[in-house]
1. Here are some residues: Ala205, Ala264, Ala221. Which one is in contact with a helix residue (DSSP H, G or I) (Cβ under 8 Å, 6 or more places away or on another chain), crowded, with 20+ Cβ neighbours inside 10 Å, among the aliphatic types (A, V, I, L, M) and more than 18 Å from Leu124 (Cα to Cα)?
2. Taking the condition of being closer than 26 Å to Pro102 by Cα and touching a residue at least 24 places away in the same chain (Cβ under 8 Å), how many residues in segment 273-306 meet it?
3. Condition first: hydrophobic (A, V, I, L, M, F, W, C), open to solvent by less than 80 Å² (accessible area, probe 1.4 Å), at pLDDT below 80 and in a helix (DSSP H, G or I). Now tell me which residues in segment 5-47 satisfy that.
4. Go through (1) within 30 Å of Ala311 (Cβ to Cβ); (2) modelled with pLDDT of 85 or more; (3) charged (D, E, K, R) one by one and return the number of the condition Lys50 breaks.
5. Identify the residue in segment 284-296 that is open to solvent by 60 Å² or more (accessible area, probe 1.4 Å) and part of a helix (DSSP H, G or I) and, among all such residues, is farthest from Ala178 (Cα to Cα).
Amino acid sequence: MGAIRLNVQLFIKQNRSDWNQLEQILPLFAKSPKKIHASQIDELSQLYKKTSAHLAHMRTYHPGDDVTEYLNHLVAQAHHAVFQEQFKSKHQLGFFFKVYFPSLIRSRQRFILFAFLLFLIGALSGFIAIWQDSANVYAVLPQSIAGNIDPSQTGKGLETAPHAVMSASIMTNNIKVAIFAFVGGITFGIATVYFMLYNGLIVGALAAVYWKAGQSYLFWAYILPHGIIELTAIFIAGGAGLYMGYRMFVPGPYPWKLQLVRSAKETVQLLMGTIPLFVIAGTIEGYITPSSLSLSTKYSFAIGTLLLLAAYYAYGWMNRNQSASLDLISK
């Protein structure tokens, strides 16, 4: 025990100055946040990063020590200060979408990619099932869809549909889809996995139906203009749910309950960031998709949405230095 205590005392001696600096700077963010300078934000971020590493060390080797409890409290205060400082700015909404949301996407891109791969597996499975036997459409697709598929009627009558009502209905439905993908994370990610596979299965099966009918070009012309943005938002929401499920299995250096709260907060932020994407996709699906525009124009429009999404991600990447302190929060 004496040797262990000696190691703790040495650890305190080596790092106490950083903890003191952090304790001294935290009141500035609580008392007068409007007078905070950029250099002080950088200092807070660096001290927060160091102290978080110290806490992880103490939790690993001395979990029951009083110093561990002290560092846990200090890191919690610093986390709150860093987070609140970024979101109390005058340009809160602009900062969120220009810097913070792309930063979240970048930090969770592996889970978003995994959500995409699950969707792709489902889509390939659905396509192969229908390709092998058209009768499988009734086994793969819900009855409400399977009984109403007629490739020859695609697009007919849509030009005269009430676009405003259609757009609002589509947006509402898509946001519900994203919420379901998010809530699925509470089931250790199992429901999210099922959701991504199932939705991919439906898209793949429909694509096979139109392929066998020789109407693939027409089918994708009515899917891609809104689908690129819509599916991107769903993949982000799915990735958020998968991350929450992952953290329920692997809490990392934080206690399970604390990590669940942290991951849930971040997941909600990712979900909120997808809402404008769903609004845009719903608007396109309500007005552009059913319009009388030529199929080639609709494909060009779809390519344009893809390029805009790529440009947005690239813009967020160029601003990654502005979100360096926020990246510390999510690690």
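1. Answer to the check: Ala221.
2. If we filter segment 273-306 for residues that are closer than 26 Å to Pro102 by Cα, which is where we start, we get 273-285, 300-306.
Adding the requirement that they be touching a residue at least 24 places away in the same chain (Cβ under 8 Å) leaves 273-285, 301-302, 305-306.
Residues in segment 273-306 being closer than 26 Å to Pro102 by Cα and touching a residue at least 24 places away in the same chain (Cβ under 8 Å): 17 in total.
3. Let us first name the residues in segment 5-47 that are hydrophobic (A, V, I, L, M, F, W, C), namely 6, 8, 10-12, 19, 22, 25-26, 28-30, 36, 38, 41, 44, 47.
So of that shortlist, the ones also open to solvent by less than 80 Å² (accessible area, probe 1.4 Å) come out as 8, 11-12, 19, 22, 25-26, 28-29, 36, 38, 41, 44, 47.
Then keep just the ones that are at pLDDT below 80; that gives 8, 28-29, 36, 38, 41.
Val8, Leu28, Phe29, Ala38, Ile41, listed by residue number.
4. Of the numbered conditions (1) within 30 Å of Ala311 (Cβ to Cβ); (2) modelled with pLDDT of 85 or more; (3) charged (D, E, K, R), the odd one out for Lys50 is (1).
5. Restricting attention to segment 284-296, the residues satisfying the condition of being open to solvent by 60 Å² or more (accessible area, probe 1.4 Å) are 287, 292-293, 296.
Then drop every residue that is not part of a helix (DSSP H, G or I), which leaves 287, 296.
On the way: Tyr287: 22, Ser296: 30 Å.
Only one residue fits best here, namely Ser296.
The rows are residues; the columns are (1) modelled with pLDDT under 90; (2) of a type in the set (Val, Ile, Thr); (3) open to solvent by less than 30 Å² (accessible area, probe 1.4 Å); (4) out of contact with any Cys (no Cβ under 6 Å at 6 or more places or on another chain).
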residue	(1), (2), (3), (4)
Lys156	yes, no, no, yes
Ala161	yes, no, yes, yes
Ser167	yes, no, yes, yes
Thr172	yes, yes, no, yes
Ile190	no, yes, no, yes
Val193	no, yes, no, yes
Met196	no, no, yes, yes
Gln215	yes, no, no, yes
Gly238	no, no, yes, yes
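Okay, residues lined up against (1) under 26 Å from the mean Cα position of the chain (by Cα); (2) touching a residue at least 40 places away in the same chain (Cβ under 8 Å):
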site	(1), (2)
Ser45	yes, yes
Lys49	yes, yes
Leu55	no, yes
Met58	no, yes
His62	no, yes
Asp66	no, no
Leu71	no, yes
Leu74	no, yes
Ala78	yes, yes
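The values are calculated or read from the model by the stated rules, or taken from the named source; none is laboratory data. For clarity, every value in this text was computed on a predicted model and none was experimentally measured. Methodologically, a virtual Cβ is constructed for each residue, glycine included, from the backbone with ideal geometry; neighbour enumeration extends over all protein chains shown. These area figures cover heavy atoms from the full protein model, side chains too; ligands, DNA and RNA do not enter into them. Shrake-Rupley method; radii C 1.70, N 1.55, O 1.52, S 1.80 Å.
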